[in-house]
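FYI, it's all coordinate maths here, none of it is from the lab. Note that the structure is predicted; figures quoted are calculated from it, not measured. Reconstructed Cβ throughout: ideal geometry from the backbone, glycine too, with neighbour counts over all protein chains shown.
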Amino acid sequence: MSITSPRIKLSEDLKVLWHLLLRPVRGHTHAERLESFYRGQADSYDSFRSRLLHGRERLIGSLEFPDDGVWVDMGAGTGENVVFAGDSVSRLRAIHLVDLAPSLLEVAQRRMQERAITQARVHLCDATQFELPPASVDVITFSYSLTMIPDWFEAILVAQRLLKPGGTIAVVDFTVSRKFASAPQRQHHWCQRTFWTHWFAFDNVFLTPDHLAMLTRLFQTERLEQSSGRVPYLPLLRAPFYLFAGRKSRQRCDPSSSENHVFSRDSTYEFASQSSGDCQLRPGRGTV
């Protein structure tokens, strides 16, 4: 190991901390604010986040990717989840990396090219507007992205529509409990709920107990873990997070039945697929 590596690491961390704590986030739209936040720290993103975003590698590494399958990673960032998936990606027909921050997608695209993962494509697109044929995707993941999607509930509904019957959805993200949590959700003290909600909201990361409530109603739960992880440079604090993996029901459900917890395209929630023309496929190698 180079003797300068700790100094380089500290320099990268200081750059990230500047953007996290001090640099104003500007922009009139969600996409502009995301890019304002990430543009100056994109190349240092993975080093710092590896010590903050816990459970990603464990969750992605546990997923079963089918032969000739299709994987969509919503809020893919720098594409590090593909690295976590290891050799499993070689059996996939297509990998779609979806994100709204061009600077992060540039890192992801370079990463895919360096590793010759030719079936991967990056998409500059809102998760609520990403379009593929219904019931055509085997695995959809959200890795610390739901808390940064304003209409996160719609993003989950889009995932439900895109997944094949029996397809897998996997989510890892920060969370706080409701004031009175019901099993199996873990109860957080009021100071935890208040501190972490306001701490992350400063960077437009919005914690909510309702992710798990919606996920467990829409999908058959196969895995649910709740824990807490260290925060860089704050050794006494641990941020709460969860891991969820579930499957879309294989049964054909009547959308009008509330027992099925399935939302139809004509229901109160309207999918944003009509705006999919705004999404951009970033140029590069890859196949559909």
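Observations
- Inter-part distance where the stretch 43-72 and the stretch 123-194 are each reduced to a Cα centre, Å: 15
- Shape class of the stretch 111-265 from the alpha-carbon gyration tensor: oblate, with a/c at 1.5 or above and b/c at least as large as a/b.
- Put in order of Cβ neighbour count within 10 Å, fewest first, the listed residues Trp196, Trp71 become Trp196, Trp71.
- Put in order of Cβ neighbour count within 10 Å, fewest first, the listed residues His123, His198 become His198, His123.
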